[in-house]
Amino acid sequence: SGSAMAAVQDVEIDPEGTFKYILVRLQRPGGGEQQRDIVRGTKAAEFHNHIFEKLNPEMEKLGYECKCLGGGKIEHNSKDKKIRVFGLSTGYGKADHSVTVEILKKKYTDYEITWSDDKK
């Protein structure tokens, strides 16, 4: 079961542009096992809950409960290798962007990644 959680990508975000993102906690029903936080973001989502509504059934199939910890926006500049995390979700509240940055650093190891509470 640990391997199934490992199979879930830490980060899935669009390769370029500015878009909404959510921070999501995965855990096994009944608690016991290790929980894990993942980041998902895409331009395709008009609202933060669209991202969650797509992710949740996928994770349920793998046997996880999902809890959205909040959201914001990501500005991804792949040319300059920079990511900026900012903003908030009206529905889910503001994610802890510092946690999001630590997760992003696992995948984008050679990037400059910053965050702020700015709205824009």
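The values are calculated or read from the model by the stated rules, or taken from the named source; none is laboratory data. Fair warning: this is a prediction, and the values are worked out from it, not measured in the lab. Ideal geometry is used to build each Cβ from the backbone, glycine not excepted, and the neighbour counts take in all protein chains shown. Surface accessibility is based on the protein's heavy atoms, side chains included, excluding ligands, DNA and RNA. Shrake-Rupley method; radii C 1.70, N 1.55, O 1.52, S 1.80 Å.
Taken over the range 38-71, residues that are open to solvent by less than 30 Å² (accessible area, probe 1.4 Å) and in contact with a helix residue (DSSP H, G or I) (Cβ under 6 Å, 6 or more places away or on another chain) amount to 6.
Within the range 27-49, if we keep just the residues that are in contact with an Asp or Glu (Cβ under 6 Å, 6 or more places away or on another chain) and at pLDDT 95 or above, the residue that is farthest from Ile74 (Cα to Cα) turns out to be Ile38. Consider the range 1-18 and keep the residues that are out of contact with any strand residue (DSSP E or B) (no Cβ under 8 Å at 6 or more places or on another chain) and open to solvent by 40 Å² or more (accessible area, probe 1.4 Å). The one that is modelled with the highest pLDDT is Ala7. If you check Lys81 against the conditions, is it at negative phi and out of contact with any Cys (no Cβ under 9 Å at 6 or more places or on another chain)? Spelling it out, it is not the case that Lys81 is at negative phi and out of contact with any Cys (no Cβ under 9 Å at 6 or more places or on another chain).
Summed over the range 83-120, residues that are touching a His at 6+ places or on another chain (Cβ under 8 Å) and not polar (S, T, N, Q) total 7.
Among the listed residues Asp96, Asp110, identify the single one that is modelled with pLDDT of 95 or more and under 11 Å from the mean Cα position of the chain (by Cα). It is Asp96. Here Asn77 fulfils each of the conditions (1) out of contact with any helix residue (DSSP H, G or I) (no Cβ under 9 Å at 6 or more places or on another chain); (2) free of Cβ contacts under 8 Å to residues at least 60 places away in the same chain apart from (2).
When the range 72-120 is limited to residues that are part of a strand (DSSP E or B), out of contact with any Lys or Arg (no Cβ under 9 Å at 6 or more places or on another chain) and open to solvent by 80 Å² or more (accessible area, probe 1.4 Å), the one that is farthest from Glu53 (Cα to Cα) turns out to be Lys82.
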